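The structure appears below as structure tokens.
The values are calculated or read from the model by the stated rules, or taken from the named source; none is laboratory data. Bear in mind that the values here come from a model prediction, so they are computed numbers and not experimental data. So basically every Cβ, Gly included, is an ideal-geometry build from the backbone, and we count neighbours across all protein chains shown. Note: accessible area is taken over every heavy atom of the protein model, side chains too, but ligands, DNA and RNA are not part of it. Shrake-Rupley method; radii C 1.70, N 1.55, O 1.52, S 1.80 Å.
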Amino acid sequence: MLDKMERKMGRFAVKHLTNYLIGGYIIGYILYFGASYTSLDILSYAQLEPYFIIHNFQIWRLISWVIMPPRENIIFAIIMMIFYWQLGTQLERTMGTFRYNVYIFGGILFTIIGAFLLYGIYFAIHGVPVMGIGAYFSTYYINMSIFLAFAVCYPDMEILLYFFIPIKMKWMAIVYAVLLVFEFIQVDMGGKVALVASLLNFFIFFLSTRNWRRIDPREKKRQADWKRAYEGSSRNSGDRAYGDNPYTGGGSGGFNPFGGAQSARHSGQGAPRVHKCEICGRTEITNPELTFRYCSKCKGNHEYCNDHLFTHKHIV
């Protein structure tokens, strides 16, 4: 589906989307710290508050809440923006501009839906419109989704925790995931809805990157049918006359079930060479529609399918 969408709408994707997000945070922090010197809290008019959107037609709140930064001190704010700018920029290069746009805007859309869903739940419980829902929703979980997606793409990349402790991204992601579970347990219903809605884009992204074919019953059946058909074809070809092993044979020339004693996919010793992607684990047997190539930029012989040939991290 994403491939079809990219072909039709890829030209509308926003390049360097992370720069715009960071720019919005800068504006938000200026308004946040500036409110302490003025009597006008402009940032309060930017919150994602369904009550004002529905009853006062303040439609701009559907977009302006994106500039709502986590309420932290200025030093932490600067470090946070630099860190997420680096992660977001690299993630856009990895996923591609269009898919990165879908990921970020998907998180924003799910957050907006979650806010209105929470408003509807409170309205059904109390019977009157409820204000204050906007306090649950900010860009904190949007930033968290960027971090978690980056950890999925580069689990073994090391970062310096507190600028001097080396730690791999996958361990950081596990720690954050555990903290999110505890947070989900402790917060009230509004916090639970905000957490799930804001990270729903990551859940979808994580599930879509798993190789579900390995446990798909239809795929298991197809592999079993292929194996039976292959073994039956080998017996009918008289390969037993060359030896007990249908792959190597007992004769001087050896039997090659793929045709020709010097087949490109058979080395003459052991089982035939099966092409396999090092990223997703799919092979030419499980996915005959794919093509497999060796990467010329990776050190050594590393093979990838056409889906990951140009998107994997090069091994040097």
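Quick one: accessible surface of Ile54, probe radius 1.4 Å, all protein chains present, in square angstrom to the nearest 10.
Spelled out: Ile54, probe radius 1.4 Å, area about 70 Å².
Would you work out which of Tyr84, Gln47, Tyr32 lies farthest towards the positive end of the dipole of the range 1-154, given +1 charges on the beta-carbon of Lys and Arg and -1 on that of Asp and Glu, about the Cα centre?
Going by the charge dipole, the pick is Tyr84.
From the protein chains alone at 1.4 Å, what is the descending order of accessible area for His126, His314, largest first? Don't jump to the answer; show the numbers that get you there.
Working: His126 120, His314 80 Å².
Result, largest first: His126, His314.
Express in Å², to the nearest 10, the accessible area of Arg293 obtained by rolling a 1.4 Å probe over the protein heavy atoms while all chains stay in place.
My reading of the accessible area for Arg293 is about 130 Å².
Counting just the Cα atoms, what span does the range 110-182 cover along each of its three principal axes? Round to the nearest Å and put the largest first.
52, 22, 19
Just to check, using Stokes-Einstein with a Kirkwood Rh over alpha carbon pairs, what's the diffusion coefficient of the range 1-128 at 25 °C and 0.890 mPa s in µm²/s? Walk me through the intermediate numbers first.
On the way: Rh = 16.7 Å.
Calculated translational D: 147 µm²/s.
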